[in-house]
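Single-structure report; data block below.
The values are calculated or read from the model by the stated rules, or taken from the named source; none is laboratory data. On a predicted model such as this, the values are computed, not experimentally measured, just so you know. Quick reminder, even Gly has a Cβ in these numbers, built from the backbone with ideal geometry, and neighbours come from all protein chains shown. In case anyone asks, the SASA skips ligands and DNA or RNA and just uses the protein heavy atoms, side chains included. Shrake-Rupley method; radii C 1.70, N 1.55, O 1.52, S 1.80 Å.
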Amino acid sequence: MDLIGCSPLDPDLGLGTQIMNFSELPSTQEPNITIIEQPRQRGFHFRYSCEGPTHGGIQGSRVLQNKHTHPAFKVFNYIGPAKIVVQCVTTDEPPLLHVHSVVGKQCTNGICEVYINSNDMIASFPNLGILHVPRRSVAEILEERLVQGWRKENSEGSQLKELTEEEREHIHKAAQQRAKVIDLAVVRLMFTAYLPDNNGTFTLRLEPVLSGPIYDNKVPNTCDLKIVRMDRVCGSAAGGEEMYLLCDKVQKDDIQVRFYEQDENGPLWEAFGKFGPADVHRQYAIVFKTPKYYNNSIKNPVSVLVQLRRRSDGETSDPKPFIYYPPKQDKERVHRKRKKPSQDEPAQNRRQESVNGRGSCILSSITV
DNA sequence: CGGGAAACTAC
DNA sequence: CGTAGTTTCCC
């Protein structure tokens, strides 16, 4: 958490100068702060300024009694007035101020400031948005902030100094440098609490806390994965059957279709649908061959699950059920069955049959 | 609010 | 061109 003391002129550390004025607090039962409700990691959509400010806040990570929670945090070992500041920082270590900023009801020009003074000393943030800076403006904004930081650091109290040409150039380079590598798709929230000093001004800064990462849901390589629809929900344990799957936006080189089985002790089996990048249609559909079940001589149907999985970060979608049926290789039996499905066929088979628009699961599983 | 889609941009 | 990423627009 070493945002303090980073030189604004150091291209590696960059934007570290907003926080200074750290004063030591008495060490007995030190006040401290904790995030009691983390922001939800995925599913939230960063907004550009051109989209206007009214698009709702980021939710908390949990859902309680069917209600979404909000990010919240609490000051411990202290009751009284406190100022809480929320800012966006990067996921780097050490964290640096992000080009993106927080917006919402409690925010003004890029930072969120609230005052609390209650028994529970909880501050909650029902309306925190993330303002997405356009890529083309990143360097410019970074530079602005670096200069601001420099001013703040070098104008303690008295008259403000101007940057030398050399310093200006250094800042410019640093900004360009960081603009190239900064990840616009993810931020963390940094919460800082300030308690009043003897004069009643909020200068006693408590050690800040950081939220977990928040990923922009508009960005394909970090967004939520979702299976929208599949053209079949069952197939032969022998695998190799063609299957169509519609999904929310994915990237063709970074997506897998994972079939798996697990119990309370963990994963039992997994295999992946077979397809290449060209089988991903416009980021919204995947055509693939089902994998074979590890036991291709099963006697009864086996329920497994299918989910999308992003190779790069291992993220997965919610799973959909899929059923493997015993493979039928015997031609004669196939013909017999086609004419007259036997009575002892599991009831589930017939149910699936009627649900499956692309044809009977029984037939599919028989077809070579 | 939340979401989809159009419009523009960069390969 | 076509695809995908980015930004803007709008229901």
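Summary of computed values
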{"item": "Whole-Hz ³J(HN,Hα) from phi, Karplus 6.51 cos²θ - 1.76 cosθ + 1.60, for the stretch A:40-52, glycine and proline x", "result": "4, 6, 10, x, 9, 10, 5, 10, 7, 4, 5, 8, x"}
{"item": "Length released on extending from A:T91 to A:A278, taking residue separation times 0.36 nm less the Cα-Cα span", "result": "64.0 nm"}
{"item": "Phi to ³J(HN,Hα) by Karplus 6.51 cos²θ - 1.76 cosθ + 1.60 over the stretch A:174-181, Hz, x for Gly, Pro", "result": "4, 5, 4, 4, 6, 4, 6, 10"}
{"item": "Solvent-accessible area, 1.4 Å probe, carbon plus sulfur percent, for the stretch A:156-276", "result": "48 percent"}
{"item": "Heavy-atom accessible area order for A:V103, A:V186, largest first, 1.4 Å probe", "result": "A:V103, A:V186"}
{"item": "Rounded FRET efficiency, nearest 0.05, which uses the C-beta distance separating A:Y294 from A:N32 and R0 of 56 Å", "result": "0.65"}
{"item": "Point-to-point label distance, A:Q176-A:E207, nm (Cα→Cβ direction, 7 Å offset)", "result": "3.9 nm"}
{"item": "Ranked packing of A:193-203, A:132-142, most packed first, by mean Cβ within 10 Å", "result": "A:132-142, A:193-203"}
{"item": "Per-residue HN-Hα couplings for the stretch A:210-226 [Karplus 6.51, -1.76, 1.60; θ = phi - 60°; Hz; x = Gly/Pro]", "result": "10, 7, x, x, 10, 9, 5, 6, 7, 9, x, 8, 10, 6, 4, 9, 8"}
{"item": "Rounded accessible area per residue of the stretch A:55-192, 1.4 Å, Å²", "result": "51 Å²"}
{"item": "Förster-model FRET efficiency, 41 Å R0, A:R311 and A:K67, C-beta, rounded to 0.05", "result": "0.75"}
{"item": "9 Å beta-carbon shell around A:N221, net charge (K/R +1, D/E -1)", "result": "-1"}
